[in-house]
1. What do you get for the angle between helix B:103-113 and the principal long axis of chain B? Use alpha-carbon atoms, 0 to 90 degrees, nearest ten.
2. Per DSSP H run of n ≥ 4, the term is -39500 (n - 2.57); total these for chain A, divide by its residue number, and report the mean residue ellipticity at 222 nm rounded to 500 deg cm²/dmol.
3. Taking only the C-alpha atoms, wrap a convex hull around the range B:1-70 and report its volume per residue in Å³ as a whole number.
4. To make sure I understand the rule: partners must be lysines, Cα under 16 Å from the Cα of A:Lys132, and not fewer than 8 residues away in the same chain. Which ones qualify?
5. Of all beta bridges DSSP finds with both residues in the protein assembly as shown, what is the antiparallel percent, to the nearest 5?
6. Hey, how many Å between the Cα centroid of the range B:1-79 and the Cα centroid of the range A:28-46?
7. Beyond 39 Å, what percent of the Cα pairs of the range A:2-355 remain?
8. What percent antiparallel are the DSSP beta bridges of the range A:84-243, to the nearest 5?
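Nothing in this text is a laboratory measurement; each read-out follows from the coordinates by a stated rule. Just so it is clear, the model here is predicted, and its values are computed rather than measured. Using ideal geometry, Cβ is built from the backbone for each residue, glycine included, and neighbour counts are taken over all protein chains shown.
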Amino acid sequence: MKFGIFYELSVPRPWTRESERIVYDNALAQVKLADELGFDQVWAVEHHFLEEYSHCPAPELFLTACAMTTKRIRVGHGIIVCVPEFNHPIKIAERTAVLDILSGGRLEVGTGRSATWTELAGFNADPDITKKSWDEFVRCLPKMWTSEKFSFEGEFWSMPSRTILPKVYQQPHPPMWVAVTSPGTELDAADRGLGSLRLTFGQFAEQGTRIAEYRRRFPLCTPVGEFVNDQVSTVNFLYCHEDDAVGLKRGRQMANTFNYLASQLTSVREVYPAKSYPSLGLLPQLRRQATGPEASEQAGEGLALGGPERVLRALKRWEAVGVDRVNFLLNTAESIPQDQVLESLRLFAREVMPAFAETKTPVAGGSR
Amino acid sequence: MPLFGQLEVKPIAGRLARLKDLDAEAWTLPRAEILQLSLEVGDDAIALLPRAMHPAVPPYATLLVTAYPESPVGPFNLAQLRLMGRAGAHPRGYVLAAVASTPAAAGALCERWGFPASLGAVTLRRYHDQIFATVRRDGETILDLSLVDPEPISPADVQYIHSVTLVRLADGERVTSQLVQVDPHYTVHKAERGRPRVARLAPEAWNAPTLELLHPISASLSTCDTDLPRIRFVMDADLPVVQGTRKVR
């Protein structure tokens, strides 16, 4: 199993001139240390207008900064919102290619479609068609990266024949993923030969079932790219401390802050009846975890919080469930001081990481 | 922490419903027709939201017009304006005002669940191209809205957010301001969706003088079996709900 870190870049109120800068600076320092410690990936989301929860609308810029200050860690651009009002597909192909070049072939590309009314309406996007536009985008991207000339006529966008430049550095192209929150999206991932980038925390049983279904379906896929990515990645919180009780207490505080902020978002499902958003995604789970009567117990299942032994046990269970990669959220709204975040990373790398032997080779090479 | 509502309760305490107790029996309400419009509203709406709650991002309101063909007080129609927000981590609609079509319904909704309900003429009319609702009170049309171009959708696609009402509640010798959670069950049999259109909303008539309707979001009509259940939770109107919530049963 491999480990990465994952950024929403949450910025607590009250906002000052410096508050966003501090969050970005702290994150960059964490990424630099994670690279030195042997973490495998850093992911950054694309979110817009999500007050406090995520101030990360331009992840490709943040990830470029990450790539420039690191040597080995792979940079995960994800998820890119594959809705035309947010991102034109040509721009996605161009931006990702530049990032792949600048990072020396360390790019991973996550795709998705947004699940909040806050964002979709902000861009005047139609929630009814996001699944369809996502499909069109992910089929085109690999061809835009690899074909000398590319032309396309689709339902959501079209272009005459042009040479899209530059080309990606990795050969044949970067690994592709899709964000999985709504039930059934893991099947979309499997059918297209895409990695499953799960964005839910905890719940071994439910995730295990969905991972098994993904694995069962995957061999029948029609890949959208020139190779398949059959990996399952999940997110988790990480706060590791020598004293298990301290680790649990501070870690749960961070997790609850994250869940609370996430629950403030206006999901599409909440305001707009549509078959394209059949569930609230991860929000109900987060709401229960944030404020339910059994909040502390639920927050404990599978979360990498506490002393090294407890964290190790949780991650071994994830490995047994079939997870290939775990990406950690290290902080939320700066609720944990930066020095403690860095110390948690060091402790994890020293005490926990060695227990996980590498079981898979990277899905794409880092150079041509 | 997210923003909190800024409602000053004291100036409006006189018009709040007074609940004698929290022991009202549940009502079963079969075959209800619910027309719901959601619309984004201006940031000034935060002044209307109780301090216990967080505003939604973006702020939005729902207009609900419901026809209840059967209830313990006979058939009635009910219109509500709700400002949507969060009670802790949970989406909730704060009922700014309600208008019921019969005196018995208005009285019971006020006394039992704390709805800020007054009496008026509430109509819900269905046509093939539009579904209309109007509310008239004291000779004035205070609400005129419609769902345009209805199209069938799956009943499973419709979701209703629970409500909270702001009430005065006796607590021993003291009378306090509390939010009462009203959390009906819904079994939706049929649903349609269309474009929302609000031809008229008189904000003052809905206890919402600073409410500005902005971007329309959605409109739906459902036929469902629902209820008004026994009260389960009350919350201090001025404390964050994680501190001020009391489970009644």
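1. 50 degrees
2. Values: 13 runs with 155 residues, N = 368.
Counting only the DSSP helices, I get -13000 deg cm²/dmol.
3. On the way: hull volume 11.1 nm³, N = 70.
Each residue corresponds to 158 Å³ of Cα convex hull volume.
4. Leaving aside lysines fewer than 8 places away in the same chain, those within reach of A:Lys132 are A:Lys275.
5. On the way: 90 of 133 bridges.
The antiparallel proportion sits near 70 percent.
6. That distance is 46 Å.
7. Numbers: 5778 of 62481 pairs.
Result: 9 percent of Cα pairs exceed 39 Å.
8. Details: 3 of 12 bridges.
Beta bridges within the range A:84-243, antiparallel portion: roughly 25 percent.
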